[in-house]
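Take a look at the structure set out below.
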Amino acid sequence: MSPAFHDKILLLLCILCFNGVFGSGQGIQVAAVLGVEGNEAHKSSLVHHKGRRHGLFDVMSFGARADGRTDDTRAFRAAWKEACEASGSVNLVIPKGTYLIGPIKFAGPCNNVSSLTVLMKGHLKATTDLSNYGFSAGWVEFGRLEGLTLTGGGTFDGQGAKAWPYNNCSTHSKCKLLPTNVKFMAMNKTVVRGITSLNSKFFHIALVECQNFKGSKIKISAPENSPNTDGIHIERSSSVYFSGSHIGTGDDCISIGQGNSQVTVSSVTCGPGHGISVGSLGKYRNEGDVSGLVVRDCTITGTSNGIRIKTWANSPDSSVATNMTFENIVMNNVTNPIIIDQAYCPFTSCTSMAPSRVKISDIYFKNIRGTSSSKVAVALECSRGMPCQNIYLENVHLDLSTGEKHATSTCKNVRAKYIGTQIPPPCS
């Protein structure tokens, strides 16, 4: 027996003994360190085994290139599959780099996972071929998961400029909806912190049927003229909290759709965009009520609306929007700082002007101050079929941004109640 062969046999026996004491993954790792020959499949097996053992799944270990040109969707799907099938505490890691990604679903349930963190440090760029996306789809979609944390400072770049010319929703009520940047479906106990959404093709972030959702330190950006790029849209969800975020986009910074309860928005800066809106409500049958909304300590700048509640005329069903508080809001050169619009119609013309059947009640506007770019700073335009009830304005001070004269108020089908400072003066 040659000395070289003898040394290899001895080394192999040492590795086998090490496996027996510490586990096969550690033995293989020692073999790699000592230079024992092995092919790439063995190295890949080591990485994957280590991921399963320690709950760490790095998309680069599953073939992602992160060069901004190669489609990395398959690598992301493979990493997610193993992460979701793992047990205990799991971390899906997306390192710094630029990843080209098509539509992808991070779907659960992940039955044996106790906590799931997606640490996204990379810059994800959406593919631009719209034929690859389904109707009303999300680009990146998280669904049926519990205990997800999405963080890391990364960016979801929808590359929307190439898709916006195909958006005809301003002229067609049955238009094809373009992909939402990040969609959360039927989630529970979700935390989203420190991520950026850029130039979405449609909505930036959408929540549908989610519970116990906390979002903070989120940055959302799209040009002022980008169509339907709502920053955050919430629908049929409860116990939702967004705070400390910056949103500038081409539509509503935040839109509160139908069926929501106990939603809080705090310390958000909004602009450009269409402001912070409830609605639009009352367009479809069987819409859920909206209640328990709090919007506080926000700054709205240069938007086409400030705080807005909008409902469609000719609602097919009745519903309720109630128990909402808008408090400590600063308006800077905002058109329509406070507006209730129950004859909402975003199209050139609407065929029916039957009154809205959405009942609005118990709405509180408190400590709203700043400047209005429109002569009418407070517009309360309620439904003649279901007049608004219990609308309170307390300490409202809105001057014209031009410095000329005073702003005015208009009211229809409502008898608002006023407390403290009222500039502009209450409706006569």
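Scanning segment 122-177 for residues that are of a type in the set (Phe, Trp, Tyr) and surrounded by 13 or more Cβ atoms within 10 Å (Cβ to Cβ) turns up TYR133, TRP139, PHE142, PHE156, TRP164.
Applying the selection to segment 83-101, what residues are surrounded by fewer than 18 Cβ atoms within 10 Å (Cβ to Cβ) and either basic (Lys, Arg) or under 20 Å from the mean Cα position of the chain (by Cα) (or both)? Result: LYS96, single match.
Would you check if TYR344 is farther than 22 Å from ASP251 by Cα and among the aromatic types (Phe, Trp, Tyr)? Steps first, answer last, please.
Working: farther than 22 Å from ASP251 by Cα: no; among the aromatic types (Phe, Trp, Tyr): yes.
Spelling it out, it is not the case that TYR344 is farther than 22 Å from ASP251 by Cα and among the aromatic types (Phe, Trp, Tyr).
Evaluate segment 105-114: report whether one residue or more is under 20 Å from MET185 (Cα atoms) and in contact (Cβ under 8 Å) with a residue 40 or more places away in the chain. Looking for residues that are under 20 Å from MET185 (Cα atoms) and in contact (Cβ under 8 Å) with a residue 40 or more places away in the chain, one finds none in segment 105-114, hence no. Of all the residues in segment 296-334, those that are open to solvent by 30 Å² or more (accessible area, probe 1.4 Å), polar (S, T, N, Q) and outside any strand (DSSP E or B) number 3. With respect to GLU394, is the statement that it is among the acidic types (Asp, Glu), farther than 23 Å from ARG296 by Cα and surrounded by fewer than 20 Cβ atoms within 10 Å (Cβ to Cβ) true? Spelling it out, it is not the case that GLU394 is among the acidic types (Asp, Glu), farther than 23 Å from ARG296 by Cα and surrounded by fewer than 20 Cβ atoms within 10 Å (Cβ to Cβ). For TYR284, the criteria (1) open to solvent by 10 Å² or more (accessible area, probe 1.4 Å); (2) part of a strand (DSSP E or B) hold in every case but one, which is (2). Which members of segment 116-164 meet the condition of being polar (S, T, N, Q) and under 18 Å from the mean Cα position of the chain (by Cα)? THR117, SER136, THR149, THR151, THR155, GLN159, listed by residue number. Only one of the numbered conditions (1) surrounded by fewer than 18 Cβ atoms within 10 Å (Cβ to Cβ); (2) more than 19 Å from the chain's Cα centre (by Cα); (3) not acidic (Asp, Glu) is not met by SER267, and that is (2). Based on what the data block shows, is SER409 over 30 Å from CYS169 (Cα atoms), over 33 Å from the mean Cα position of the chain (by Cα) and among the small types (Gly, Ala, Ser)? For SER409, the condition - over 30 Å from CYS169 (Cα atoms), over 33 Å from the mean Cα position of the chain (by Cα) and among the small types (Gly, Ala, Ser) - is met.
Restricting the first member to segment 53-82 and to residues that are over 9 Å from LEU100 (Cα atoms), and the second to residues that are hydroxyl-bearing (Ser, Thr, Tyr) and open to solvent by 40 Å² or more (accessible area, probe 1.4 Å), the beta-carbon pairs closer than 8 Å and six or more apart or on different chains are GLY55/SER89; SER61/SER44; ALA79/SER61. Considering only residues in segment 335-354 that are touching a Cys at 6+ places or on another chain (Cβ under 9 Å) and part of a loop (DSSP other than H, G, I, E, B), the one that is modelled with the highest pLDDT turns out to be PRO346. Taken as a whole, segment 393-401 holds at least one residue that is acidic (Asp, Glu), in a strand (DSSP E or B), more than 13 Å from GLY306 (Cβ to Cβ) and modelled with pLDDT of 95 or more. Looking across segment 190-221 at every residue that is assigned to a loop (DSSP other than H, G, I, E, B) and open to solvent by 10 Å² or more (accessible area, probe 1.4 Å), the one that is nearest to THR117 (Cα to Cα) is identified as GLY194.
The values are calculated or read from the model by the stated rules, or taken from the named source; none is laboratory data. On a predicted model such as this, the values are computed, not experimentally measured, just so you know. Cβ coordinates were reconstructed from backbone atoms using ideal geometry, including for glycine residues, and neighbour counts include every protein chain displayed. Calculation scope for accessible area: heavy atoms of the full protein, side chains included, ligands and nucleic acids excluded. Shrake-Rupley method; radii C 1.70, N 1.55, O 1.52, S 1.80 Å.
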